[in-house]
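Following: one structure in structure tokens, then a few remarks.
Every number here is computed from the coordinates shown, using simple stated rules; none is lab data. A quick note: this is a predicted structure, and the numbers were derived from the prediction, not measured. Neighbour counts are summed over all protein chains in view; Cβ atoms, including those assigned to glycine, are modelled from backbone coordinates with ideal geometry.
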Amino acid sequence: MEIDDLLQITQEVKNKVRGCLKLDETSLKESVERIKHWLELQPHLPKDKDDRELEHLLIICKNSIEESKKYIDLYYTMRKLAPEMMTGWNVNESWFHVVCKNYYIVPMPALNAELDRVIVTGYLENHDDLVFVDSIKLSVLVWEIRMVEDYNNRDIIVFDMKHVKMSDGLKIDLPFVQKTAICATTELKTRLKAIHFINMHPTLFSIINIVKSVLKPKFADRVYTHGTDLTEFHQHVHKDCLPNEYGGNAGDLMRHWELWQKKLTNSADWLIRRENVKSDESKRPTNNVKYNEMFGTEGSFRKICID
């Protein structure tokens with residue numbers, strides 16, 4: 001598999017995804033032009049989004065131009081509101097090499113029958129050097145590439161808990177988890193179908209319950225937990241979309257991860273340019289995006305609202 005074709009997007013796939021949303025190429029192009037015109041009128045926003053990325057955004061937003069505008073504004077603003085995960089994207093620095101030896105995140109190449117993308121993630125066996133924030137940052141970088149190159153209906157996230165220890169749970173900063181969830185549903189725009197935690201040790205169910213407790217019920221209902229018996233899990237996620245390690249048919253997981261590491265390394269210059277594109281808040285017509293409104297007053301813990 002070539003690193004330029006890890007997501008295996010063809011014109012046929014694009015047509016099918018559009019069909020799921022009852023869209024066609026002409027209507028999407030018209031919507032793209034309307035967003036580009038709107039961007040030209042926004043003095044505080046960069047003008048770096050190309051047609052391909054805007055079309056993918058419209059797919060995610062179900063062709064809602066207003067939702068797409070809202071996302072674009074938040075996308076640039078989040079550079080300043082969440083610097084832990086939205087800055088420091090140089091993959092030639094040591095943090096990247098360390099995190100890749102401790103954590104993986106792999107968008108699987110095959111879409112399922114409903115054109116959903118399965119993303120497999122988890123800790124490697126020896127992950128004592130893992131910095132939790134860096135694992136989130138790495139996930140953001142993979143998402144950035146997908147935002148430009150992918151074309152799918154919804155996302156299914158599979159988190160392998162096999163190597164997670166109780167001590168890992170003690171390292172979790174709940175306010176940061178909250179911020180991450182907000183980024184995942186605002187800046188990191190996606191249509192999430194489900195999150196599956198697999199290979200769960202009985203003592204870890206309480207950790208997942210803590211995380212679910214800070215999520216809106218509509219989102220929490222999309223979170224599934226499974227032990228080491230993956231029979232029920234396979235009823236949710238097709239084996240063609242899973243690596244061999246999880247009873248699937250899609251090849252070796254670590255081979256996929258090696259290819260994605262190479263993909264990220266080859267994208268180093270592009271990622272740095274991407275990181276440095278921010279909104280100019282001094283030119284914002286109305287300062288309607290404030291830190292406290294999104295994340296709550298410093299030190300507080302606000303319930304996450306996810307539609």
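Within the chain, DSSP assigns beta bridges of which about 25% are antiparallel (rounded to the nearest 5). Measuring between alpha carbons in the structure, the pairs from K16/K263; K101/K278; K216/K283; K22/K262 lying more than 32 angstrom apart are K216/K283; K22/K262. Ordering P107, L58, V131 by Cα displacement along the dipole of the chain toward the positive end leaves L58 in first place; charges were set at the Cβ atoms of Lys, Arg (+1) and Asp, Glu (-1). Pick from T228, T121, T26 the residue whose mean-square fluctuation is largest in a GNM of the chain, springs joining Cα atoms under 10 Å. Taking springs between Cα atoms under 10 Å, the residue moving most is T26. Among E114, E53, a tally of other beta-carbon atoms within 10 Å of each Cβ gives an order, fewest to most, of E114, E53. In whole angstrom, region 91-142 maps to an equivalent ellipsoid with semi-axes of 25, 12, 8, each derived as √(5λ) from the alpha carbon gyration tensor and ordered largest first. Put simply, the C-alpha atoms of region 10-58 give a gyration tensor, and the ellipsoid matching it has half-axes of 24, 11, 7 Å, longest first.
Show me, bin by bin at 10 Å from 0, the whole-percent P(r) of the chain based on Cα pairs. It works out to 5, 26, 37, 25, 7, 0, in whole percents.
With the Cα gyration tensor of region 1-115 giving a ≥ b ≥ c as the square roots of its eigenvalues, does the rule (a/c under 1.5 for rounded; else a/b larger than b/c for prolate; else oblate) give rounded, prolate or oblate? Oblate is the answer for region 1-115, as a/c is 1.5 or above yet b/c matches or exceeds a/b.
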